Structure formats: structure tokens, C-alpha cells
There are 2 protein chains.
Amino acid sequence: MVAGVTLSDVARHAGVSQATASRVLNGSARVPGEDVANRVRAAAAELGYFPNAQAQALARRTSGLLGLVVHDIADPYFSTIALGVQRAARARGMQTLLASTERDPEAEREAVEAFIAHRTDGLILVGSRSHEFESDAALTGALRPYLDRGGRVVVVGQPLGTGGCVAPRNAEGSAALAGALISAGHRRFAVLSGPAHLRTAVDRCAGFTRALSGHGFRPEAVVAGEFTRDGGYLAAGDLLPLIGVPEAPAPLCVFAVNDVMAIGAIARWRAMGLEVPRDLSVAGFDDIPTLGDHSPSLTTVRLPLADLGDHAVRLLFAGADGGTVPAAARLDVDTTVVIRESTDLGRWRGSGRR
Amino acid sequence: MVAGVTLSDVARHAGVSQATASRVLNGSARVPGEDVANRVRAAAAELGYFPNAQAQALARRTSGLLGLVVHDIADPYFSTIALGVQRAARARGMQTLLASTERDPEAEREAVEAFIAHRTDGLILVGSRSHEFESDAALTGALRPYLDRGGRVVVVGQPLGTGGCVAPRNAEGSAALAGALISAGHRRFAVLSGPAHLRTAVDRCAGFTRALSGHGFRPEAVVAGEFTRDGGYLAAGDLLPLIGVPEAPAPLCVFAVNDVMAIGAIARWRAMGLEVPRDLSVAGFDDIPTLGDHSPSLTTVRLPLADLGDHAVRLLFAGADGGTVPAAARLDVDTTVVIRESTDLGRWRGSGRR
DNA sequence: ACCCTGACGGAAAGCGCATTCCCAAACCTA
DNA sequence: TAGGTTTGGGAATGCGCTTTCCGTCAGGGT
């Protein structure tokens with residue numbers, strides 16, 4: 001920290017009491033007379049006074065801090081949500097404390113504890129919850145006392161058993177995608193899924209598969225990879241045998257449970273001479289910003305990412321600022337299927353010609 | 001903020017003084033006896049004690065906070081740097097305060113002031129400085145007292161006239177790119193530049209142009225756009241007349257001063273039926289993560305983005321932790337030219353055939 | 001038996017600010 | 001003019017913690 005001019009310095013310099021200086025320099029309920037106020041403001045400006053937010057937090061019992069925990073800030077999914085959160089926080093005059101856990105549950109817990117220690121007014125956890133018992137249990141354990149004391153928590157992903165939740169309709173979105181693909185004429189499917197413990201990956205995979213079976217189809221394969229670009233790249237290899245099936249009635253259509261995996265998979269296939277959608281179709285999930293500029297442009301399920309962040313902040317403080325009724329602890333977010341080039345059957349060259 | 005169990009609660013519960021509890025719960029120089037320490041730790045665990053970081057900051061005169069100001073956290077350039085910063089901060093046990101200014105100098109100044117108020121131990125400003133006098137002057141004005149009191153500031157981009165600086169060798173990188181392109185056989189050039197007030201844009205443009213003239217070439221056009229994907233998309237239109245020149249000896253090679261602009265430009269051209277590198281060549285700058293998976297893969301000048309963040313943190317605290325000699329206030333970062341498909345002359349279809 | 005030295009706990013003074021009281025002066029009503 | 005009511009400012013307390021300063025007690029040397 002950096003020592004600074006204190007409020008009492010300003011007060012002395014302005015020839016008033018500290019209380020008065022305090023009242024002038026931050027819209028207190030009691031506003032001193034105009035002349036005195038001006039003297040104080042002048043003194044503050046002259047001395048280069050900056051209030052000490054730590055001391056204010058201590059005295060006010062409010063830090064004005066918002067904790068944001070993401071799995072990987074360099075991933076466009078998270079950084080776009082972070083943009084929304086940061087924007088909403090700034091609109092409320094709050095500062096954002098960021099932690100990127102690099103997908104380590106342990107790091108996530110540590111970040112949460114650090115943020116609790118910093119007495120953040122609210123905590124937003126972004127990223128799929130896990131099915132692994134320990135990790136979420138440790139998290140809720142750390143969160144419990146925080147919540148009991150009036151702390152606010154919102155998770156973007158799946159509910160944590162506590163706190164609010166902004167929940168994308170993953171299963172519904174995947175199902176809608178499956179329906180759209182079938183309508184478009186697709187007949188052969190595979191799923192590039194994520195880690196089995198990630199609920200987002202599981203939900204999307206299950207939604208897709210269930211919708212498929214509702215139409216009498218089933219995926220020819222479900223392979224799992226890391227939830228990242230590299231995970232998609234690696235797992236894509238397992239699907240190779242399914243791609244060039246002779247006399248197939250339709251190309252293989254691969255649903256990658258998120259966009260970055262889809263991009264990785266396409267890269268892998270391209271490296272092996274396969275082109276999308278010439279040789280197979282690919283669809284993703286999220287609609288991260290750059291996706292439309294990708295070549296081929298990627299069919300996906302759009303999530304309003306920046307809005308997600310905004311919603312999370314809104315939900316966090318629902319009922320806190322004059323709102324009479326605390327809003328629902330859960331906000332389900334609708335998705336939109338976006339059909340693009342990567343599933344264009346018209347550009348399939350047909351397995352027969354291979 | 002959220003009220004919590006206080007240290008004195010713990011002390012009372014453990015039957016010791018507050019001083020002792022404090023000494024136990026955070027590696028003080030003086031370590032109490034083992035039995036007492038255990039009593040205190042047990043009490044803390046039982047009560048669910050979390051230290052109040054605000055109060056600690058006040059008493060210790062160190063907040064353990066690192067301020068990070070970026071232009072746009074959703075831009076992969078910034079989010080990747082943010083990853084590096086965040087990682088380095090965590091390694092030092094510090095928390096990261098994030099502000100995304102949405103490229104508004106006013107917002108940048110406000111963020112800096114807020115961070116100063118929060119008594120961050122260090123401040124990292126990422127993003128090109130401006131040639132516009134007012135904005136940087138306002139910033140240095142706010143920074144001056146902070147620095148005078150021992151505050152630390154590092155800018156990633158160009159020096160701010162104060163504080164440290166991690167400076168990518170923009171001009172050199174662009175020049176190297178120009179040289180490589182000429183060696184590869186390129187003969188016709190244009191520059192998709194950024195806003196005239198952004199020093200990064202200007203430096204890259206100038207470095208490229210200067211190197212070109214060193215080889216007897218000059219850009220056929222220099223058009224400016226916003227420093228974003230959309231900026232590239234829009235500005236790309238101005239280059240259309242230059243692309244299909246009949247009987248040209250070589251395709252037009254467009255240097256976009258950053259990758260996201262290049263991506264936007266390619267999208268624009270593709271929308272008009274033009275393909276890269278079939279109809280023209282494109283090169284960017286930065287080597288943002290997804291670039292290799294883009295189609296065509298994009299020739300660019302690689303900047304070690306995550307390392308930039310790491311360097312910034314290191315520079316920030318150089319000499320502060322046992323290091324005897326404060327390191328240089330400036331760290332120049334080398335770049336690497338990466339040639340990929342987007343400038344592949346072999347895939348040019350030739351202007352004659354248009 | 002004595003003094004000196006360390007080791008160990010506790011009391012208390014802040015860190016910089018918000019805020020509750022309290023007091024004096026000014027204002028109003030009758 | 002007297003009483004009551006605002007109004008504007010200051011003194012002082014406390015937010016939760018660190019840290020200096022003291023006091024006490026045990027141990028060791030002579």
C-alpha cells in the first residue's frame with residue numbers, strides 16, 4: 001500500500017474538523033454549508049487527497065468490491081462474461097476482484113477464501129460446477145459462513161446448493177440444436193464431450209443425445225476431452241474412423257459441447273486433410289465472439305455471454321437496492337440455435353466419392 | 001462487506017490475548033508456543049474465522065492488491081495478458097483488481113483513481129498510450145502523487161513518462177515482417193492501420209512502411225480503422241479497389257496492425273467473395289491464441305502475450321523483494337515473425353485470371 | 001544466592017475513516 | 001421576549017487488525 005494524504009490532513013488544512021471533511025468529501029446525509037464545503041474541496045484538491053478505500057470499507061462495513069472467479073480468463077467464453085460483469089460492476093460504482101483458477105478446483109476455493117477475506121460485497125463464480133463431491137463440498141463449506149453473514153453469491157453455470165444461479169438452458173439448447181440438425185437432413189451423429197465430472201459438459205451431451213433418441217437417432221460415438229481447444233484437438237482423433245464411412249447416407253455431424261473444443265477439433269481434422277463441412281459437419285455451443293469469422297463459420301448454440309455477466313450482477317444484488325422483493329435465486333437463460341456453414345449439407349462432397 | 005467473526009472473538013474463545021491470536025494466525029516474526037498456537041488455530045477453525053483483509057491492509061499499510069487496467073478484457077490480446085498478470089499475482093499471494101475501460105481514456109483515469117483509492121501495491125496499465133495530450137496528461141497527473149508516495153506503475157505498451165514499461169518492439173517487429181514478406185516475393189503492400197492517436201498503431205505502421213522503403217517499396221494505401229475486429233471489417237472496404245488490379249505482378253499484401261483487425265478484414269473480404277490468400281494476402285500482429293486455428297492461418301508477428309503480463313508484474317516489483325538493484329525501468333520485448341497460410345503466394349490465383 | 005538474558009503473553013496505541021452524540025448558534029412561533 | 005426547533009460543526013468512539021512496548025517468568029552463568 002502506499003501512504004497518502006489523510007482526511008485529517010485535509011481537515012486541518014481546511015481548518016475544519018475531520019467529521020466535516022468526511023461529510024463533504026463523500027455524499028453524506030448531512031451536507032455542510034457551501035462555503036465550508038468549498039474550503040474542504042479546495043484543500044483536498046491542493047493536497048492531492050485520495051480517500052483510503054480500506055479505511056472506508058472498515059468504517060462503512062462495505063467494501064464496494066465484487067469478486068469474480070473464472071476458470072480461465074484467456075478463454076473467450078470467460079473473458080466475455082467477465083466483460084459483462086465488469087461493466088455492470090462499474091455501473092454500480094464497484095470494483096472487480098478477478099481470479100482465474102486455471103480450472104483447478106483447489107485454486108477456486110483459495111480464490112473464494114481470499115475474496116471472503118477481502119470482504120467482497122458479492123461473489124460471482126463462473127464456470128461449470130463439478131460432479132466430484134469433494135470440490136464443491138469444500139467450496140460450499142467455505143461459502144456457508146459467508147452466506148450466513150449476509151454475503152451474496154451467484155454462480156454462472158449450475159447451482160451450487162447455495163446462493164443464486166444464472167443457469168443457461170444447456171440441455172434445452174443442445175436438444176434444440178439436435179432438432180435443427182435433424183431437420184436440416186443430418187442423420188449421423190457423434191458427440192465430442194467434455195470431462196465427465198463437468199456438469200455443463202454432461203448436461204449438453206445428455207440434452208443432445210436425448211433429443212436425438214426422441215427422433216430415433218443415437219450418436220455413433222461419444223468421446224470425452226478436456227473442455228479446451230486442445231481437448232477438442234486431441235479428442236477429435238478418436239472420431240477419425242467414423243468420418244469417411246463409404247456409402248454413408250450423410251456426413252458425420254459432430255456436436256462439440258463447446259465452441260473452443262469445436263475449433264480445436266476442426267484444426268485437427270484440417271491438419272489431416274479433412275475439411276468442414278466438405279467431409280463432415282461440426283457444431284459447437286456458446287457462440288463465442290470470433291466464431292462468426294471462423295472459416296467455416298460455426299454452427300452453434302448462442303449464449304448471450306456478456307449478458308450472463310450482467311444478469312449475474314443483477315441477481316447478486318436483487319432486492320438489495322430498493323427492490324422490494326428479492327428476485328428468484330435462479331435465472332434460467334435461453335439459448336438460440338445459430339446455423340452456419342459448418343453444418344451445411346449442401347457442401348458435403350459425399351462419402352461415395354472418397 | 002459482510003460482518004464476520006473477528007480476531008478478538010477468536011482470542012477470547014481461545015483464552016488468549018488478541019495479540020497472540022494475531023501472531024498465530026499469520027506468520028508473524030514472533031511465534032507463540034505450540035500449545036497456545038494450537039488452541040488459537042482450533043478456535044479459529046471452530047468459529048469459521050476469516051481475517052478481514054481490509055483491516056489488515058489498514059494496519060499493515062499494504063493491501064496485497066494489484067491493479068490491472070486493460071482496454072477491453074473480451075479482446076484476446078488483453079485477456080491473454082491478463083492471464084499472465086493474474087498468474088504472477090497469485091504466485092506472489094496478491095489479488096488482482098481488474099478494470100476494463102472499453103477504450104475510454106476517461107474510464108481509464110477513473111479506474112486508476114479507484115485503484116489508488118484502494119491502495120493497490122502496484123498498478124499495471126495495459127494498452128497503447130495515446131498521442132492525444134489531454135488523456136495521458138490527466139493520467140500522469142493522477143499517478144504523480146501515487147508514485148511520489150512509493151506507488152509502483154508499469155505500463156504495457158509505451159512509456160507514460162513515468163513508471164516502468166514493458167515495451168514490445170513494435171517497429172522492429174513490423175519491419176521484420178516487411179522484410180520477410182518481401183523475401184517471400186510480395187511486391188504490393190497496403191496497411192490497415194489503427195487510430196492515428198494510438199501509438200502502438202502508429203509505431204507498427206511506421207516500422208512497416210520504413211522497412212518497405214528500405215527495400216524500395218511503399219504502401220499503395222494506408223487506411224485507418226478502429227483497433228478492433230469491427231474496425232478492421234469496416235476499414236477493409238477502403239482497400240477493395242486495390243485488390244483486383246489486372247496484370248498485377250503480385251497480390252496485394254495487407255498488413256493489419258493487429259490480429260483482430262486482420263480477422264475482421266478477412267471476414268469483410270470473404271463476405272464479398274474474396275478469399276485469402278487466393279485473392280490477396282494478409283498479415284497481422286500479436287499472434288493471439290486462436291490465430292493458428294483460423295482459416296487461413298494468419299501470418300503475424302508474435303508477441304509472447306502471457307509473458308508480457310508476467311514481465312509487467314516482475315518489473316513492478318523489481319528491487320522490492322530482496323533484489324538489490326532495481327531493474328531497468330523499461331523492458332523491451334522481442335517479437336517473432338510467424339509466416340502462415342494467409343501470405344502464401346503459391347496459393348494466389350493471379351490477377352490475370354480474374 | 002544473585003543478576004542477566006531470553007522467551008513468551010498481554011495491554012494499548014494506532015492505521016484512516018464514518019458516524020453517533022453533543023453543543024452552540026440561529027431560526028421560528030406565539 | 002421566552003420557549004422550542006432546527007441547523008451546522010466538532011469531539012469522540014469504533015471498525016478489525018498489527019505492532020510496539022512492558023511485564024513476567026524460567027533458565028543459566030558465576
* Asked: Any idea of residue B:269's accessible area? Nearest 10 Å², probe 1.4 Å.
  -> 0 Å²
* Springs between alpha-carbon atoms under 10 Å, Gaussian network over chain A: tell me which of A:237, A:127, A:216 tops the mean-square fluctuations. => A:216
* Asked: So how do A:311, A:118 rank on accessible area, 1.4 Å probe, biggest first, that is with the largest at the start?
  -> A:311, A:118
* Asked: Taking chain A as a Gaussian network, where each spring joins two C-alpha atoms under 10 Å apart, which residue of A:190, A:99, A:142 fluctuates the most?
  -> A:142
* Asked: Can you give the mean number of other chain Cβ atoms that lie within 10 Å of the Cβ atoms in peptide A:101-110?
  -> 1
* Selected from B:298, A:86, B:348, residue furthest toward positive end of dipole (the protein assembly as shown; charges at beta carbon) -> A:86
* Structure fact -> Quick shape check on chain B: root eigenvalues a ≥ b ≥ c of the Cα gyration tensor, a/c under 1.5 is rounded, otherwise prolate if a/b tops b/c, else oblate, and it reads prolate
* Please state the charge dipole magnitude for chain A, taken about the Cα centre, from unit charges on C-beta atoms (+1 on K and R, -1 on D and E), reported in debye and rounded to the nearest 20. => 580 debye
* Working out 0.36 nm times the residue gap between residue B:345 and residue B:91, then minus their Cα-Cα distance, what length gain in nm do you get to one decimal? -> 86.9 nm
* **Residue among A:18, A:54, A:86 with the largest mean-square fluctuation in a Gaussian network model of chain A, springs linking Cα atoms under 10 Å** => A:18
* With label points built 7 Å along Cα→Cβ from the Cα atoms of residue B:183 and residue A:140, find their separation and express it in nm. => 6.0 nm
* Asked: Given a 1.4 Å probe and every protein chain left where it sits, what share in percent of the accessible area of region A:7-51 is carbon and sulfur?
  -> 50 percent
* Of all DSSP beta bridges in the protein assembly as shown, antiparallel share, percent nearest 5 -> 15 percent
* So if R0 is 35 Å, what FRET efficiency would residue A:332 and residue B:270 give, r being the distance between their Cβ atoms, rounded to the nearest 0.05? -> 0.45
* **Accessible surface buried upon A-B contact (total; probe 1.4 Å; Å², nearest 100)** => 5500 Å²
* Structure fact -> Tilt, helix A:259-271 to longest principal axis of chain A (alpha-carbon atoms), in degrees rounded to tens, equals 40 degrees
* Asked: From the residues B:16, B:29, B:51, which one has its Cα farthest along the dipole of region B:7-51 in the positive direction, the dipole being from +1 and -1 charges on Cβ of Lys/Arg and Asp/Glu about the Cα centre?
  -> B:29
* Asked: Using a 1.4 Å probe, how large is the accessible area of residue B:233, given in Å² and rounded to the nearest 10?
  -> 70 Å²
* Among DSSP beta bridges lying fully in region A:86-235, give the percent that are antiparallel, nearest 5. => 10 percent
* Asked: What accessible surface, in Å², does a 1.4 Å probe find on residue A:183, ignoring ligands, DNA and RNA and rounding to the nearest 10?
  -> 100 Å²
* Please work out whether the protein assembly as shown counts as rounded, prolate or oblate from its C-alpha gyration tensor, where a ≥ b ≥ c are the square roots of the eigenvalues and a/c under 1.5 means rounded, while otherwise a/b larger than b/c means prolate and anything else oblate? => oblate
* Structure fact -> Here the whole-number average of other chain Cβ atoms within 10 Å per Cβ of A:72-78 is 6
* Förster radius 60 Å - calculated FRET efficiency between residue A:110 and residue A:12, Cβ distance, rounded to 0.05 -> 0.90
* Asked: How many Cβ atoms of partner chains, on average, are near each residue of B:142-153 if near means within 10 Å of its Cβ?
  -> 3
* Would you mind checking the tilt of helix A:199-214 against the longest principal axis of the Cα atoms of chain A, expressed as 0 to 90 degrees and rounded to 10? => 40 degrees
* Between the helical axis of A:34-47 and the dominant principal axis of chain A, each derived from Cα atoms, what acute angle in degrees is found, rounded to the nearest 10? -> 70 degrees
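The values are calculated or read from the model by the stated rules, or taken from the named source; none is laboratory data. Predicted model, so just to flag it, every value in this text is computed and none were measured. Because the Cβ atoms are built from the backbone with ideal geometry, glycine has one as well, and the counts that use them run over all protein chains shown. When the accessible area is computed, the model is the full protein with side chains, heavy atoms only, and any ligands, DNA or RNA have been set aside. Shrake-Rupley method; radii C 1.70, N 1.55, O 1.52, S 1.80 Å.
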